[in-house]
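The values are calculated or read from the model by the stated rules, or taken from the named source; none is laboratory data. Remember, it's a predicted structure, so these values are computed and weren't measured experimentally. Here Cβ is always computed from backbone atoms with ideal geometry, including for glycine, and neighbour counts include all displayed protein chains. We work out accessible area using only protein heavy atoms, side chains counted, and drop any ligands, DNA or RNA first. Shrake-Rupley method; radii C 1.70, N 1.55, O 1.52, S 1.80 Å.
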Amino acid sequence: MVKEKVAQTPIVQPKQPKVATRRNIDRFLEATGKTEKDYFDWATEVGRRMHINKLDALVCAKLELYTVAHLANRPTEIPEGMPETEMDEHLVANSENPYELACLWQRVTANAENWVSKETILNEWLTGISKEDFERWGDKNHLGDINKKWWNKDAAALDVKLEEINSMSLLNQPLTFEDAIDFIKSHKPGTYVNPAQLLIKRIEERFKAVTTFRIKDYYVSHLMKMCHLVPASEELADLPF
């Protein structure tokens, strides 16, 4: 009689637990004696530096440069006799230089933030008007053309609102009823964009077309630092692609 063999179930040895490795943060704290906040600030800066290096590589590959510092010596040619007032538009339309566009973006951004005009003041402080007030100071035949978001039956009277705005002395001349009515007819509440803001958008579009990525304030600062390190008279050779 042949005995039937019984399959032996292999004994599975329990896995030995791995010795846990210390977290990067623990190593940082032990090595530096600093705080967790210091670690996260440091890690953020390291990550940003790595990202900036990747962006630099994109720029250098696309424009055949050895380093982005060489951009300082590649200004866009300005036609002789071009008025200074037209130069920004020329650069937005023709510049292939990210550093040049970054400088322009930084300057125009500052202008946009400090832009003061009748329109910017009314855009911020005039938020609604009653139909009765519009008919009183404007032309009721235009009522149908006004954006409905302007109408607010509980809005302060237009003369009171203008007196309040003018008391702040934001301009060297007072705003008039005609200014307010013209603004209401031309814009929706809170949607006015000043010329500098419009130019910023075009600069950003140009920068992305040149570099393939969107402009960021930290990368603008990086380009400024890199390009200011290179004397304009220094001869710089590009990579031999």
- Message: Which order do you get for Lys153, Lys54, Lys216 if you rank them by accessible area with a 1.4 Å probe, largest at the top?
- Response: Lys153, Lys54, Lys216
- So the FRET efficiency between Glu178 and Asn114, C-beta based with R0 = 30 Å and rounded to 0.05, is 0.70
- Note on the structure: From DSSP H assignment alone, runs of 4+ in the chain each adding -39500 (n - 2.57), the sum over residues rounded to the nearest 500 puts [θ] at 222 nm at -17000 deg cm²/dmol
- Query: Got a number for the accessible area of Glu86? Probe 1.4 Å, square angstrom, nearest 10.
  - Reply: 90
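What whole-number value in Å² describes the accessible area per residue of the chain for a 1.4 Å probe? Don't jump to the answer; show the numbers that get you there.
Numbers: 17080 Å² over 241 residues.
Each residue of the chain exposes 71 Å² on average to a 1.4 Å probe.
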- Distance in nm between label sites at Val193 and Asn94, each 7 Å beyond Cα in the beta-carbon direction? 2.6
- Query: For semi-axes √(5λ) of the Cα gyration tensor in Å, which listed value, (i) 40, 18, 15; (ii) 34, 22, 15; (iii) 57, 35, 20, comes from the coordinates shown?
  - Reply: (iii)
- Query: Once Lys and Arg get +1 and Asp and Glu get -1 on their Cβ, which of Ala155, Tyr219, Ser130 lies farthest toward the positive end of the dipole of region 86-227?
  - Reply: Tyr219
- Accessible surface of the chain [probe 1.4 Å, protein heavy atoms]: carbon and sulfur percent: 52
- Query: How many nm is it between the label spots at Glu77 and Lys185, if each spot is 7 Å from the Cα in line with the beta carbon?
  - Reply: 4.7
- Query: According to a simple spin-label model (label point 7 Å from Cα along Cα-to-Cβ), what is the distance in nm between Ser169 and Leu29?
  - Reply: 5.6
